[in-house]
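The structure appears below as structure tokens.
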């Protein structure tokens, strides 16, 4: 047992620690402000917050640039969005080369001190949004970006094999949007229908609930883009608030660690710092999406409703659940490493168990463990779903009305724009809707 004076030292130190840590802001705190302004329609305020965070938090720069890319895309600046997305794509590719120095630093601090390499779903969706941004620009690279979505997810899955031979990433759901965009562009050539049909077949395989998929396969198989004098309009809708990460306490692991270190402290030569500070891990959470789809009217007449081609929230949650055991294991290994360092220090100094030095080292170990934060960095302005509707329309100018519908069947405000349809060609619209409100503007293709 500790002497009374030692207990007082321990209690005073812990109180000071709690007070010091209470004001520590995380990326989740900063993201909360950005999301609030963005979804309220205050794009300029959200952009100013992102810029301010970029200056003061360099280790969060990549995810903040991804958020800025969404803001730029929804504000009608697709080329700037594409530039930012390419920059982060290349950065994440570079970070796949693991740094031994950063790995060691993470073991004595936490994951927030290392460069953020991106979650797997983020790496895949970067390519998907590159395709969308390019479609809204010149469209020259959109098909290649679509194929990158397919190739990247296969590469990630194949690289997921562990030393045991198990591969948790085999459970990953494929993202169909890249194949869909590739198929749409191949179909527009009026000469590559086989390629289009194969890509549409991938969409059906990966997203069997997508209601338009089988019709797309049939149309491409029979080699028909559109009737003479008609063109095609694709409406892409970014619907709802997407996933984010929040800090959570892994209580069962914390209790298990506490019991384990008490047992070891009883049997080893020196005591181990008790696991008082909870083990913190990031958890992916999804905001409830009230928008069912976006109703589309052409020249005042109802023409259809968008349907989900990619469920971003579900994708993020399921992929993170597949790798969560690895996330928790890394947190447990870090705790064990810190306790091992404290134990080694006691051994080197010849510290006695009932001495004040022993209390001080245990207190230092508790403080060290309590300073850990869960890594809540993430791409915070993703939508909950990416939806699409394909319409074949007569060539000429048309008024396109968009109206978000909630899951109770109630319609939101009507937003409209004019679109030029060209004979035998594709045109594209993109709009971001959350909670019945248009975020930014309706963006149209310029090619």
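The values are calculated or read from the model by the stated rules, or taken from the named source; none is laboratory data. As the structure is a computational prediction, the values presented were derived from the model and not from experiment. As a convention, Cβ positions derive from the backbone with ideal geometry for all residues, glycine included, and neighbour counts pool all protein chains shown.
Yes/no matrix, rows are residues, columns are (1) surrounded by fewer than 16 Cβ atoms within 10 Å (Cβ to Cβ); (2) in a helix (DSSP H, G or I); (3) at pLDDT 85 or above:
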residue: 245; (1), (2), (3): no, no, yes
residue: 255; (1), (2), (3): yes, yes, yes
residue: 262; (1), (2), (3): yes, yes, yes
residue: 269; (1), (2), (3): yes, no, yes
residue: 277; (1), (2), (3): no, no, yes
residue: 282; (1), (2), (3): no, no, yes
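Looking for something surrounded by fewer than 19 Cβ atoms within 10 Å (Cβ to Cβ), free of Cβ contacts under 8 Å to residues at least 24 places away in the same chain and not in a strand (DSSP E or B) - is there at least one such residue anywhere in region 397-408?
Yes: region 397-408 contains one or more residues that are surrounded by fewer than 19 Cβ atoms within 10 Å (Cβ to Cβ), free of Cβ contacts under 8 Å to residues at least 24 places away in the same chain and not in a strand (DSSP E or B).
Is at least one residue of region 293-313 in a helix (DSSP H, G or I), surrounded by 15 or more Cβ atoms within 10 Å (Cβ to Cβ) and either touching a residue at least 24 places away in the same chain (Cβ under 8 Å) or at negative phi (or both)?
Filtering region 293-313 down to residues in a helix (DSSP H, G or I) leaves 312-313.
Narrowing further to those that are surrounded by 15 or more Cβ atoms within 10 Å (Cβ to Cβ): 312-313.
Then drop every residue that is not either touching a residue at least 24 places away in the same chain (Cβ under 8 Å) or at negative phi (or both), which leaves 312-313.
The answer is yes, given that some residue of region 293-313 is in a helix (DSSP H, G or I), surrounded by 15 or more Cβ atoms within 10 Å (Cβ to Cβ) and either touching a residue at least 24 places away in the same chain (Cβ under 8 Å) or at negative phi (or both).
If you take the residues in region 227-243 that are under 22 Å from residue 132 (Cα atoms) and surrounded by fewer than 22 Cβ atoms within 10 Å (Cβ to Cβ), which one is farthest from the chain's Cα centre (by Cα)?
For region 227-243, the residue satisfying everything is 232.
Taking the residues in region 42-63 that are touching a residue at least 24 places away in the same chain (Cβ under 8 Å) and surrounded by 15 or more Cβ atoms within 10 Å (Cβ to Cβ) as candidates, determine which candidate is farthest from residue 118 (Cα to Cα).
43
A quick yes/no check of all residues on (1) in a loop (DSSP other than H, G, I, E, B); (2) touching a strand residue (DSSP E or B) at 6+ places or on another chain (Cβ under 7 Å); (3) free of Cβ contacts under 8 Å to residues at least 40 places away in the same chain:
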position: 151; (1), (2), (3): no, no, yes
position: 181; (1), (2), (3): no, no, no
position: 184; (1), (2), (3): no, yes, no
position: 196; (1), (2), (3): no, no, yes
position: 202; (1), (2), (3): no, no, no
position: 205; (1), (2), (3): no, no, yes
position: 216; (1), (2), (3): no, no, no
position: 219; (1), (2), (3): no, no, yes
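Look at residue 223 and say whether it is without any contact (Cβ under 8 Å) to a residue 60 or more places away in the chain, closer than 24 Å to residue 403 by Cβ and surrounded by fewer than 23 Cβ atoms within 10 Å (Cβ to Cβ).
No; evaluated as a whole, the condition is false for this residue.
Conditions tested, residue by residue: (1) farther than 30 Å from residue 349 by Cα; (2) in contact (Cβ under 8 Å) with a residue 40 or more places away in the chain; (3) in contact with a strand residue (DSSP E or B) (Cβ under 9 Å, 6 or more places away or on another chain).
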{"position": "228", "(1), (2), (3)": "yes, yes, no"}
{"position": "250", "(1), (2), (3)": "yes, yes, yes"}
{"position": "262", "(1), (2), (3)": "no, no, no"}
{"position": "265", "(1), (2), (3)": "no, no, no"}
{"position": "271", "(1), (2), (3)": "no, yes, no"}
{"position": "281", "(1), (2), (3)": "yes, yes, yes"}
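Which of the residues belonging to region 342-363 are buried (at least 16 other Cβ atoms within 10 Å of the Cβ) and either assigned to a helix (DSSP H, G or I) or without any contact (Cβ under 8 Å) to a residue 12 or more places away in the chain (or both)?
Once the filter is applied, which keeps residues that are buried (at least 16 other Cβ atoms within 10 Å of the Cβ) and either assigned to a helix (DSSP H, G or I) or without any contact (Cβ under 8 Å) to a residue 12 or more places away in the chain (or both), region 342-363 yields 342, 343, 346, 358, 359, 361, 362, 363.
Restricted to region 364-374, and to residues that are in contact with a strand residue (DSSP E or B) (Cβ under 8 Å, 6 or more places away or on another chain) and surrounded by fewer than 24 Cβ atoms within 10 Å (Cβ to Cβ), which residue is farthest from residue 35 (Cα to Cα)? Before the answer, list the steps.
Quick first cut of region 364-374, residues in contact with a strand residue (DSSP E or B) (Cβ under 8 Å, 6 or more places away or on another chain) only: 372-374.
Filter once more, keeping what is surrounded by fewer than 24 Cβ atoms within 10 Å (Cβ to Cβ): 372-373.
On the way: 372: 25, 373: 21 Å.
Of everything passing the filter in region 364-374, 372 is farthest from residue 35 (Cα to Cα).
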